Amino acid sequence: MPEIGKKTPPLTGPTGTGEPLKLAALKGQWVVLYFYPKDSTPGCTTEAQDFRDLHPQFRQRNAQIVGVSRDTTASHARFAEKQALPFPLVSDPDETWCKAFDVIHEKVLYGKRHMGVVRSTFLIDPDGRLAREWRKVKVAGHAQEVLDAIPTA
């Protein structure tokens, strides 16, 4: 798991468009890497919409948004199209990205324990170093908080 100030791992994963995304290829800009539990669920949809709605402001700050979940590329394609998402969604069914950022933890839902993605966001600086992290994210106001953490040019 990367630490604040340290380089992030050189990950590659398929997106909903079918194109692979290389984290290292985004060097030179800020990267908002957000992990979410599941496409088309209420909280995840709201979070994606919030990032979508602020996307122009993120781009003004030279920032790229990337969403990651364990859903399939086909699920990501449907979700991105339905929500008009202008940023890529990485499919991580083998949990390579999730494990690299330590976002798989035990969760309790209706009294049942299971391993799941804990909603988390990581801000990577233009040099590829972890600048900030948010864990156990509450959706309301989160996208704005992340935007506010990126310096204006």
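Quick look at the values:
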read-out: Within segment 1-47, considering residues that are aliphatic (A, V, I, L, M) and under 16 Å from Trp134 (Cα atoms), the one nearest to the chain's Cα centre (by Cα); value: Leu33
read-out: Contacts under 6 angstrom Cβ, first residue in segment 105-130 being within 19 Å of Arg59 (Cα to Cα), partner open to solvent by 60 Å² or more (accessible area, probe 1.4 Å) and of a type in the set (Asp, Glu), 6 or more apart; value: Phe122/Glu133
read-out: Exclusive hit being free of Cβ contacts under 8 Å to residues at least 60 places away in the same chain and part of a helix (DSSP H, G or I), set Pro56, Pro93, Pro86; value: Pro56
read-out: Residue tally, condition crowded, with 20+ Cβ neighbours inside 10 Å, touching a His at 6+ places or on another chain (Cβ under 9 Å) and farther than 15 Å from Trp97 by Cα, over segment 1-50; value: 3
read-out: Failed item in (1) in contact (Cβ under 8 Å) with a residue 12 or more places away in the chain; (2) under 30 Å from Pro151 (Cβ atoms), with Thr72 passing the rest; value: (2)
read-out: Selection within segment 119-153 - among the charged types (D, E, K, R) and part of a loop (DSSP other than H, G, I, E, B); value: Arg119, Asp125, Asp127, Arg135, Lys136, Lys138
read-out: Filtered residues of segment 72-119 (kept if open to solvent by 50 Å² or more (accessible area, probe 1.4 Å), touching a Lys or Arg at 6+ places or on another chain (Cβ under 8 Å) and small (Gly, Ala, Ser)); value: Ala84
read-out: Set Gly67, Gly116: member being farther than 17 Å from Gln29 by Cα and assigned to a strand (DSSP E or B); value: Gly116
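The values are calculated or read from the model by the stated rules, or taken from the named source; none is laboratory data. What you see is a predicted model; the values in this text were computed from it and never measured. Note that we place each Cβ from the backbone using ideal geometry, even for glycine, and neighbour counts take in every protein chain shown. All accessible areas refer to the heavy atoms of the entire protein, side chains included, with ligands and DNA or RNA removed. Shrake-Rupley method; radii C 1.70, N 1.55, O 1.52, S 1.80 Å.
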